[in-house]
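The values are calculated or read from the model by the stated rules, or taken from the named source; none is laboratory data. If you're wondering where the values come from, they're calculated on a predicted model, not measured in any experiment. Here Cβ is always computed from backbone atoms with ideal geometry, including for glycine, and neighbour counts include all displayed protein chains.
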Amino acid sequence: MKLPKYQTYFRSLFIIGPWTGRALAQSTTSSSACPTFSPAYPAPVVASGWQAQLIATGLSTPRSILFDSNGHLLVVQSGYGVVNLELADSGGTCISVANKTYLINSTDVSVYPLLGYIMSNSGNQLNHGLALSNDGKTLYASSVEAVFSWSYDAASQAVIGENKTLVIGMNNTDHLTRTLLMSQWQPGILLVSRGSATNVDSDAEDFSTGHSQLRAFNMANVTGTSPPYDFSTSGRLLGWGLRNSVGLAEEPLTGGIYSVENSVDQITRDGTDIHQNNPGEEMNFHGYLNSSTENQGGNYGYPDCFALWNTDIPDVGSLQVGNQFTMAPSSTLNDTTCSLSRVPPRLTFQAHMAPLDIIFLPNGTEAYVTFHGSWDRTAPVGYKLSTIAFANGSPVAASDSTTALTDIFSNQNNSNCPGSCFRPVGLARDGQGRIFMSSDATGEIWVLLKTGAPSSTTSAPSSTTSASPTATQTPNGAAASRLFGIHSLLVTLGLLAYCLLAESC
């Protein structure tokens, strides 16, 4: 049952906590060092020539992140909404959160009642997708069911008016994220990725279901009175047979569209368990958003064909890394038909690493990829940020390469994962070339800076030496205590109000 608006307000106050202010837990300061946080797990390992610093904690499952036109970091908190982080920046990795403003509460997102369409309670919970229009004045976010937009004012750090509903018809179980990407080459074209409903989803074989597909929609055609796009029947198809392509990026020199895909778990080959090292995760190419349809709209294999990572499987024959294979070859569907009728990945990665985001350097020489980490493997893998060398719009490595990744930020010991380590999700790059990364499992934001001065691989520092922090960067002990007291009071009042109004505790 939907709560009245005032009950929803008190409930969100209790669940979400303070709407403004910076996280206080685990912070350390001194008169000669930046305000910093120390992770509650073993300090990550940073590659030679890089610096890393934890700059924010206490977020609620942060997923996609991006910078607005005023340099504020926007963060989707899965199940809660979108926050705006105003950063205090003293250069390098000396960054802290000066102010946190809650922009969108998931409980306030609504869908126009067009044609009798009704959204379930879970269908409006923002969970992953985030994008801005090319002029920065429209904010887009997604739930499992729909894509929404708001008018956005970066200067006042606020959304204006009610949301609009742009795309509907995406609700399914299992893979719930709907990644969004606004094209820079074709302004106004919004890409939306939808995953599968089960591990091996037979519905994805039926093109009309819209499962496991990547589509592009023209936002210029959306007006205040027009009905939303239906995902399964509208837009431009960039690819299908994509199990769960969470990471999307547009290569900056050519405009080529790339995705990174999470492949299946618990797979067998002719009855033999091969799931520890197969199938591989994928980087796929989807052509361009201009008038050409070359390399676009094809079937990328799922749920029938999968990319080979480890060639030590039954009856592998001459298959190489990246070639597609089937679980149970037959006369009608086998490795040969997979090779002839499915689009192979441009690169293949170790099975179960779970890539979740990809961004490019502006000069097109590198792509950064987050690997969220495995759950379905005896020896955990992933849990890291890596780079891939690019040239002329394509990866430098051959399609059968097993060494295309260069790790720049990783956990000390994956045997501690997933319980005691960071799990990277979203990536954003600022105007100074720094890479910002969210970790959903630990509620954190990290910043990484390439120094250009190679050194031995080290653990991430727990403090950074730089100019003295300003008063807005780190509150003193008394101010911190007052903020904590106010927070506790608000939470207590919110809980009491919720119990009274909902007549249940």
Checklist entry - In this structure, is N278 out of contact with any Cys (no Cβ under 8 Å at 6 or more places or on another chain), under 21 Å from F306 (Cβ atoms) and touching a residue at least 12 places away in the same chain (Cβ under 8 Å)? => result yes
Next on the checklist: Consider region 212-232. How many of its residues are touching a helix residue (DSSP H, G or I) at 6+ places or on another chain (Cβ under 9 Å) and within 21 Å of G287 (Cβ to Cβ)?
Outcome noted: 4
Checklist entry - Would region 349-369 turn up any residue that is surrounded by fewer than 22 Cβ atoms within 10 Å (Cβ to Cβ), of a type in the set (D, E), at pLDDT 95 or above and in a loop (DSSP other than H, G, I, E, B)? => result no
Next on the checklist: Quick check on my filter: what residues within region 154-182 are over 20 Å from S226 (Cα atoms) and among the charged types (D, E, K, R)?
Outcome noted: D174, R178
Item to check | Looking only at region 371-413, and only at residues there that are part of a loop (DSSP other than H, G, I, E, B) and hydroxyl-bearing (S, T, Y), the one that is farthest from P344 (Cα to Cα) | outcome: T378
Checklist entry - Is there any pair with a first residue in region 204-231 that is in a strand (DSSP E or B) and a second that is aliphatic (A, V, I, L, M) and at pLDDT below 90 whose Cβ atoms are under 8 Å apart and which are 6 or more apart or on different chains, and what are they? => result Y229/V222
Next on the checklist: Please count how many residues of region 154-171 are closer than 27 Å to L214 by Cα and of a type outside the set (D, E, K, R).
Outcome noted: 8
Item to check | Hits in region 382-411 (condition: surrounded by 17 or more Cβ atoms within 10 Å (Cβ to Cβ), among the polar types (S, T, N, Q) and over 21 Å from the mean Cα position of the chain (by Cα)) | outcome: S399
Checklist entry - Looking at this structure, is I257 of a type in the set (V, I, T), over 21 Å from R178 (Cα atoms), in contact (Cβ under 8 Å) with a residue 24 or more places away in the chain and touching a strand residue (DSSP E or B) at 6+ places or on another chain (Cβ under 8 Å)? => result no
Next on the checklist: Cβ-Cβ under 7 Å, sequence separation 6+ or interchain: first residue in region 80-91 and surrounded by fewer than 20 Cβ atoms within 10 Å (Cβ to Cβ), partner part of a strand (DSSP E or B). Which pairs?
Outcome noted: E86/A98; E86/N99; D89/I95; S90/C34
Checklist entry - Can you tell me which residues in region 396-448 are aromatic (F, W, Y) and more than 26 Å from E250 (Cβ to Cβ)? => result F422
Next on the checklist: Given the condition farther than 17 Å from S110 by Cβ and out of contact with any strand residue (DSSP E or B) (no Cβ under 6 Å at 6 or more places or on another chain), answer yes or no: does some residue in region 143-151 qualify?
Outcome noted: no
Item to check | Which numbered condition P252 fails, given (1) over 20 Å from L356 (Cβ atoms); (2) free of Cβ contacts under 8 Å to residues at least 60 places away in the same chain; (3) in contact with a strand residue (DSSP E or B) (Cβ under 7 Å, 6 or more places away or on another chain) | outcome: (2)
Checklist entry - Can you name every residue in region 233-281 that is touching a Gly at 6+ places or on another chain (Cβ under 6 Å), surrounded by fewer than 23 Cβ atoms within 10 Å (Cβ to Cβ) and part of a strand (DSSP E or B)? => result L237
Checklist entry - Which residues, counting only those in region 408-422, are under 13 Å from P39 (Cα atoms) and hydroxyl-bearing (S, T, Y)? => result S420
Checklist entry - Between a first residue in region 145-174 that is farther than 27 Å from T233 by Cα and a second residue that is part of a strand (DSSP E or B) and of a type in the set (G, A, S), which pairs have beta carbons less than 6 Å apart while being 6 or more apart in sequence or on different chains? => result I160/S151; G161/S151
Next on the checklist: Six or more apart or on different chains, Cβ atoms under 8 Å: show the pairs whose first residue is in region 385-405 and without any contact (Cβ under 8 Å) to a residue 12 or more places away in the chain and closer than 20 Å to Q320 by Cα and whose second is surrounded by 16 or more Cβ atoms within 10 Å (Cβ to Cβ) and aromatic (F, W, Y).
Outcome noted: V396/F390
